[in-house]
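Remarks on the structure that follows.
The values are calculated or read from the model by the stated rules, or taken from the named source; none is laboratory data. Fair warning: this is a prediction, and the values are worked out from it, not measured in the lab. Cβ placement follows ideal geometry from the backbone for every residue including glycine, while neighbour counts extend to all protein chains displayed. For accessibility, only protein heavy atoms count, side chains too; no ligands or nucleic acids. Shrake-Rupley method; radii C 1.70, N 1.55, O 1.52, S 1.80 Å.
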Amino acid sequence: MLISTKGRYALRVMIDLAEHRTEGYVPLKEVAERQDISEKYLESIIKLLVKGKILTGLRGKGGGYRLTKSPEEYSVGAVLRLTEESLAPVACLEGESVSCPRMSECRTLPMWRGLDKVIRDYLDNITVADLTASDSGGNYVI
């Protein structure tokens, strides 16, 4: 499993908006500048987050984006599932994928299922709020 730039940037956007949530709607330009992300690239990420109802946007003067819920209500897993094609460690565990003809006799499948569960459980138990509470060394506090 490799998390794409899109997934990593989506988490940075979520943390930024969580840290500035008292400001109301935060302009995309400000987030892009603070996070050193191209505004154009950020637009594509924001679209995914809005479509997934994680963010809401407001156009015009005073517009921008904000979280639809509190940072404690967003898991890292939920954000990454919106931006990544899959978080599965192997193709045969990717939701709607074509089943492997060897699945019934696969000796490694239980191991891959276990790894998939560990990944999901880990990412689903870290919230955006946890990431905003990280120490100066980048370690999050839970």
| query | Between the stretch 13-45 and the stretch 76-111, how many Å separate their Cα centres? | reply | 31 Å
| Two-site FRET efficiency, residue 70 against residue 44, from Cβ-Cβ distance with R₀ of 25 Å, rounded to 0.05 | 0.50
| request: Return one number: the angle in degrees, 0 to 90 and rounded to the nearest 10, between the long axis of the Cα atoms of helix 5-19 and the longest principal axis of the Cα atoms of the chain. | output: 40 degrees
| query | Once amide H atoms are placed 1.01 Å from N in the peptide plane, what residues at a sequence separation of 5 or more from residue 66, or on another chain, have their amide H within under 5 Å of its amide H? | reply | 26, 56
| Given the stretch 6-142 reduced to its alpha-carbon atoms as identical point scatterers, what log10 I(q)/I(0) does the Debye formula return at q = 0.12, 0.15, 0.20 Å⁻¹? | -0.55, -0.78, -1.15
| query | Which lysines, on any chain, are close to residue 61 with Cα under 24 Å apart, when same-chain ones fewer than 8 places away are left out? | reply | 29, 40, 47, 51, 53, 69
| task | Using θ = phi - 60° and the Karplus relation 6.51 cos²θ - 1.76 cosθ + 1.60, list the HN-Hα couplings for the stretch 35-48 in order, rounded to whole Hz, with x at every Gly or Pro. | result | 8, 6, 10, 4, 4, 4, 5, 4, 4, 5, 6, 4, 4, 5
| request: Using a 1.4 Å probe over the heavy atoms of the protein chains, calculate the carbon and sulfur portion of the accessible area of the chain as a whole percent. | output: 51 percent
| When the Karplus curve 6.51 cos²θ - 1.76 cosθ + 1.60 is applied with θ = phi - 60°, which whole-Hz ³J(HN,Hα) does each residue of the stretch 68-76 get, with x for Gly and Pro? | 7, 9, 6, x, 5, 8, 10, 8, 4
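Taking the Cα centre of the stretch 41-106 as origin and charging only Cβ (+1 Lys, Arg; -1 Asp, Glu), how large is the dipole, in debye to the nearest 20?
Values: 9 positive and 8 negative charges, 115 e Å.
Its charge dipole is roughly 560 debye.
What is the gain in length, in nm to one decimal, between residue 109 and residue 122 on full extension, counting 0.36 nm per residue of separation less the C-alpha to C-alpha distance?
Working: separation 13, 0.36 × 13 = 4.68 nm, distance 1.98 nm.
Extra length available between residue 109 and residue 122 comes to 2.7 nm.
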